[in-house]
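Below you'll find the structure, written out as structure tokens, and then a few comments.
Just so it is clear, none of the values below were taken in a lab; they were calculated from the coordinates. Quantities reported herein were computed from a predicted structural model and do not represent experimental measurements. With ideal geometry, Cβ positions are generated from the backbone for all residues, glycine too; neighbour counts draw on all protein chains shown.
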Amino acid sequence: MSVEIRDNIIKKMEKIGSKYLLLQFTGADGNLKGVELSKRAFSKIEQVGVDGSSIGFLRTKRSDMIIVPDPSTVTLVPWQDNTACVFCDLRSTDTHERIATDPRGILSEVNRSLLEEYNANYYARPEMEFYILTSDLKPVDTATYMALPPRDRGYFVRKMIIETLELVNLPFKTFHSEVGKSQHEIEFQALPAVAAADGVQMFKQVAKMVALNNTEDWIISFMPKPFIDDSGNGMHIHQMVKGEKTDLFKESANDLSEFVLHFIAGQLKYAREITAITNPIVNSYRRLVPRIEAPVYINWGIANRTALIRVPGYESGRLEYRAADAASNIYFTLAMLLAAGLEGVRKKIEPPSAADFDADLLSPRELKEKNVDLLPRTLINALEVFHKSKLAKSVLGKDLHQEFYEARKLEWEHFTSQYSFEKKEITPWELDRYIDC
């Protein structure tokens, strides 16, 4: 790392009164990792090395890599005294270039293509859904959509999460209880793609630490479907593409542009190919089930919440992709969504007409007549399509594409060696593996 980067970070640490620095980055599995140093040690060190093979990035025979902090992301760690944190890029020890499998780097590279071709940047605004549960995995209350205290006992934890987000300068829009019992949602303000992905990682850490430090036995879970008979947790992603003075999604105040129509068409065309990325675990497909208000239908609509892609009826400058969940690697998810949209623009793919019907009410025959396909129904189905995807391979790179496929296929095989996915239940295997995702 350069002296300039190091000095910049030290100045920011001094400004917020930090004696320690947590260097954090995201593993290939989507989980946040980190290594901590004292300010004194950081001020003298030239670079920080880690074992890339242990976190899914490099082969064991050549596994050393270095992590380089991004000074623009320095903030405090609210649950640790005198500690700051910073997001890092992953680089080669030989060339100091970003390694090909770095999640931040992959997303940055796709956005760079957008910037070079259209002089614009990709923005995202995630909606994060989660449950507040007791240690024995029961809802802490019976509150449902937009309930208020005292029925909404989780309100006070949610409010502490919001207050902590303000401390780390992570801008949010709204927060409220959701449809499921003791389910909640926090929606963020739009940020450039990499900053939005960093924000998702920080938010998940904040939420879990608030529950850990301020309750006796409550936990927070982003597991896509912790209860078979209650709502699943999604991560709806609102998307925008903007230049310095232009909004590429808007033709006028109320009209959609040709750019956004092609962008929608690209995401619809490649939706099945990218589902293994946006919904990467066995349990993801407990949520993606027809006729339970899940976004499984590959269509789009204006103000239509049964569609995979929704254009809000009150705001034409953004798209909401509704299928993703928080078990995904957010950097990979945003990279694939942007890449799919850009392919639609480059190839001038035309979208179908906006759906003005409730797909949940249609029979399989009626869906076929309207040319409405469905997302894959299981992880292995999604992986089979993903493995053949030229788009996924081009975005992730040949090696990461293959390793992701093999790792998730092995996960499916572990599950099906003990259980049948066709049985409508949340298995102990799923709860043990995913409740903390």
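The table that follows gives values for the structure above.
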quantity	calculated
Cα convex hull volume per residue for the range 79-202 (Å³)	164 Å³
Hydrodynamic radius (Kirkwood) for the chain, which is based on Cα pairs only, to one decimal in Å	22.5 Å
Calculated [θ] (222 nm, deg cm²/dmol) that DSSP helices of n ≥ 4 give over the chain, each run adding -39,500 (n - 2.57)	-11000 deg cm²/dmol
Lys/Arg +1, Asp/Glu -1 at C-beta; the range 210-328 dipole; positive extreme among Ile228, Ile274, Tyr321	Ile274
Theoretical FRET efficiency, 1/(1+(r/R0)^6), r = Cβ-Cβ of Ser72 and Lys398, R0 30 Å, to 0.05	0.45
Neighbourhood net charge (10 Å Cβ-Cβ; Lys/Arg +1, Asp/Glu -1) for Gly344	+2
Pairs of Lys in the range 369-437 closer than 22 Å at Cα, counting only those 8 or more apart or on different chains	8
Student exercise, the chain dipole from Lys, Arg, Asp, Glu Cβ charges, in Debye to nearest 20	420 debye
DSSP-loop trypsin sites (Lys or Arg not before Pro) across the range 57-144, with at most 12 other Cβ within 10 angstrom	Arg59
Selected from Ala303, Ala294, Ala339 as most flexible by GNM, with the chain as the system and alpha-carbon contacts under 10 Å	Ala303
Additional length obtainable on full extension of the chain from Glu14 to Lys390, 0.36 nm per residue less Cα span	130.6 nm
Cβ-Cβ FRET estimate between Asn371 and Lys245, R0 fixed at 35 Å, reported to 0.05	0.40
Rg/Rh (Cα only; Kirkwood hydrodynamic radius) as it applies to the range 3-98	0.98
Per-residue HN-Hα couplings for the range 199-216 [Karplus 6.51, -1.76, 1.60; θ = phi - 60°; Hz; x = Gly/Pro]	x, 4, 5, 5, 4, 4, 5, 4, 4, 5, 6, 4, 5, 5, 8, 10, 9, 6
Highest-fluctuation residue, Met240, Met223, Met209 considered, GNM on the chain with Cα pairs under 10 Å	Met209
Summed residue charge, Cβ within 14 Å of Arg153's Cβ, Lys/Arg positive, Asp/Glu negative	+1
Inter-part distance where the range 170-197 and the range 333-412 are each reduced to a Cα centre, Å	24 Å
Selected from Phe386, Phe25, Phe156 as most flexible by GNM, with the chain as the system and alpha-carbon contacts under 10 Å	Phe156
Cα principal axis extents for the range 89-146, largest first, Å	53, 33, 11
Rg/Rh for the range 191-344, where both radii come from Cα atoms and Rh is the Kirkwood radius	1.00
Karplus (6.51, -1.76, 1.60) ³J(HN,Hα), θ = phi - 60°, over the range 123-137, in Hz, Gly and Pro reported as x	10, 9, 9, x, 10, 9, 9, 7, 9, 9, 10, 6, 5, 9, 6
For the range 321-327, Karplus couplings with θ = phi - 60° (6.51, -1.76, 1.60), whole Hz, Gly/Pro x	8, 9, 8, 4, 9, 7, 6
Stretch in the chain that is longest and holds no GluC sites (Glu not before Pro) that DSSP places in a loop and that have at most 15 other beta carbons within 10 Å	98-215
Rg/Rg_ref, the range 305-437, where Rg_ref = 2.2 N^0.38 Å and atoms are Cα	1.23
Full-stretch length increase - Glu406, Gln418 - with 0.36 nm per residue and alpha-carbon distance subtracted	2.4 nm
